[in-house]
Amino acid sequence: MARETAGIQAQDLRAGRLGFRARSARLRAAAVDRARIEERSIVRTWAMRSTMHLLATEDIGWVLPLFDPGLAAASRRRLGQLGLDANSQKRALEAIEKALEADGYLGRTELVERLRQVGIEIDAARRVHLFRLATGEGLAILGPDRGAETLLALASDWVGEHPPHDRDAAVTELARRYLRAFGPATEADFAGWSGLPLRDVRAGLGRIASELVEVRFGEQRAWTLRGAARHPRGRIVRLLPAWDNYLMGHRDRDFIAGPERWPTVMPGGGLIRPTILVDGVAVGTWSVRRKGREIRVELEPFEELNDEITAATREEIQDVERFEA
């Protein structure tokens, strides 16, 4: 599923797991965790737009080199602004590599201690960007969990070495995956979702031109993959998690919620709230409260839901409970 969706948005791990649930009637949260931690068939890392995604491990060899240089450059720049110069950054990466080779995994506390031993003091802001830098340089990757914390692992140990990278082929395949998951979409949509330069986007779409069907939205040209369109048998009601792919995939999202609704779905501060969707249109937001193993889902519809949609949302709530159990 991580392949078919072009990666699941996952800056919040629980929301990322729920992104799998919204697209499968069989998975459970434990199975997603098992795939990430034990089987290592999916990896949580920074990718498109330098945001967290859950990616198929078999894909990271061609996906990450598209985005790692930008991630590393931004992290180096921010660390410099935070007072950690290039020499200190080099020493920090060397200390991280030695720690990972010696101990296998590295958490926040260990990172602070190891760097203190080599004379580098870090606070929470520096720590985040050192994690991102180590990942962007291909040295480390997010690995297993320890409680609520995800630890750094040596990338070569956790997922193996990357094969030789063909940038043109990678951009082409990403264009294909994006349109399969999000089409119809414009080149601006693809650029906004991926964070790639428009010249790369146009080149990637051009290389799969024979696979595309053009769709017109007024003056806008959009494309979908030939044969990718699927027609649902009936009404589709979903409880989408925060930052869900569907909510992030297009520049113009008025087809999901008009300007009067977006401030509720996206209230600011980078948050996109969990959303109730009916046939692709937002009809409200929702939240989940957890107390131990007990969860409670609360709905906040924009207006009163009819009996059919209310029944369908109850089924969705039951499925969230099933997934989390």
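A short reminder: the numbers here are calculations on the coordinates, not readings from a lab. This one's a predicted model, so the numbers in the text were calculated from it and none came from an experiment. Don't worry about glycine lacking a Cβ; one is built from the backbone with ideal geometry, like all the others, and counts go over all protein chains shown.
When LYS291, LYS98 are ordered from fewest to most other Cβ atoms inside 10 Å of their Cβ, what list results?
Numbers: LYS291 7, LYS98 12.
By the 10 Å Cβ count, ascending, the order reads LYS291, LYS98.
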Legend entry - Residue order, fewest to most beta carbons within 10 Å, for GLU38, GLU113: GLU38, GLU113
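Which whole-number percent gives the relative contact order of the chain, counting Cα pairs below 8 Å spaced six or more residues apart?
Values: 494 pairs, mean separation 54.4, N = 325.
Relative CO of the chain lands at 17 percent.
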Inset, instruction - Read phi for every residue in the range 214-222 and hand back ³J(HN,Hα) as whole Hz from Karplus 6.51 cos²θ - 1.76 cosθ + 1.60, θ = phi - 60°, with x for Gly and Pro. - result: 7, 10, 9, 10, x, 8, 8, 9, 10
Legend entry - Residues HIS165, HIS129 arranged by fewest to most Cβ contacts within 10 Å: HIS165, HIS129
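Per-residue ellipticity at 222 nm for the chain, helices alone: DSSP H runs ≥ 4 residues times -39500 (n - 2.57), over residue total, nearest 500 deg cm²/dmol? Before the final figure, lay out each step's value.
Working: 13 runs with 145 residues, N = 325.
-13500 deg cm²/dmol, from helical runs alone.
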